[in-house]
């Protein structure tokens, strides 16, 4: 069961005395390999996923780190996660100094390695330059006497299909690694184990177990870099690993010097041809190469350091890191405090805005209710006024109707009186004249006209009234 405690701080993170926590009986295993070979993934399987897992060419293991877990609930195991020598952020010299210092410090504190795990991607199409450099540095750090404590593990077997590769291709590459003496062949002959890591925790635990068994049978490991720097008191440049880095730097400087000579020659030719644009470009390139040359020379000088000086440098780095981390912590605490204050301010503003909204909503509700009351009152008042106007209109209409009826009745009485007067006058005229047989018809016509006109007047039928009057007049003329 994995230990849930945080990783033990590394020498770059703690003073020397903190290494006392690591005892002679602790199991200490180094995990090495190029960036992306699966170091962090391997460690995370055992140490509760505490190792940072990289998913790009940028190395996540920028420093030497230590991760602890319990092996079969009986023994404490510490895994050293080391940066690869292909790290894009550090030079090989910087990485060698970190690794050499850490391994030498543990050795001087009598904390010996129990084994070393070297990881290699089986999906790599070929042994790249960075892979060869890492493997060469690994061999120089270990020394042949430590090979029997080395586990050479191939990784990424489950990724063969995704890389459009077959299992046969993976097995062929594994065979090639072992068959070449300058790769894994010699190491296997001297006792190194070649293991396939299938990506499971069980397989990772088995690899750890095999190294512990060899440690228990043969004792702890003494690496070449540890013996050279601590026992033999050699400077880093005189160790096998230091000489390997120095050789690479020398080759690099020779190549850079050739480039500088070619660029300067081209620069002079461009000046002769008065090609100022080309001359400026070549000069800029030459200056860039000279900077790389200066960096390579500085890296070689940095190798000229004893273990004591290396330790002092790493302590200085530790102090600087502590100052940086303290400043970063203070900055983050200040940022956190500011964020907290802003959060509290925003919360207050939110509450105040909510209270204002509540008050405004209540005021709006009250105004809405008042408006509704006023509306109902206005509606009621409007209905009352309309009813009064309707009543007045009705009274006025009734008054006009009465006037009309009264006038009509008066006119009818007047007409009747006139008709009666006419009838009486006609009767008088008839009585005064001798009767003639021929006067009967006009009289009848006149009577009919009176009756028709009277009916027209009573019914307000104007055409009938006019017809009656006309008939009456005709009768009169015929008399």
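For the reader, a short list of remarks on this structure follows.
- Segment 181-203 versus segment 387-427: alpha-carbon centroid distance in Å: 135 Å
- Tensor-based shape of segment 247-305 (alpha-carbon gyration tensor, a/c under 1.5 rounded, otherwise prolate or oblate): prolate
- Rounded FRET efficiency, nearest 0.05, which uses the C-beta distance separating residue 73 from residue 297 and R0 of 60 Å: 0.70
- Residue separation of residue 258 and residue 277 scaled by 0.36 nm, minus their Cα-Cα distance, works out to 4.6 nm of gained length.
- Taking label positions 7 Å along the Cα-Cβ direction at both residue 195 and residue 376, the computed distance is 8.8 nm, reported to one decimal.
- Seen through its C-alpha gyration tensor, with square-root eigenvalues sorted a ≥ b ≥ c, segment 125-166 comes out oblate because a/c lies at 1.5 or above while a/b is not bigger than b/c.
- Virtual spin-label span in nm between residue 269 and residue 247, 7 Å along Cα→Cβ: 3.5 nm
- Using a Förster distance of 41 Å, the FRET efficiency for residue 347-residue 304 (Cβ separation, nearest 0.05): 0.10
- Label point 7 Å beyond Cα of residue 167 along Cβ direction - residues of segment 116-144 with amide nitrogen under 17 Å: 122-123
- Efficiency of FRET from Cβ geometry, residue 363 and residue 393, R₀ 45 Å, rounded to 0.05: 0.55
- Rough spin-label spacing in nm, given labels placed 7 Å along Cα→Cβ, for residue 180 and residue 240: 2.0 nm
Each value in this text was obtained by applying a stated rule to the coordinates, not by laboratory testing. Computed from a prediction, not measured in an experiment: that's the story for all the values here. Here the Cβ is made from the backbone with ideal geometry for all residues, glycine too, and neighbour counts use every protein chain on show.
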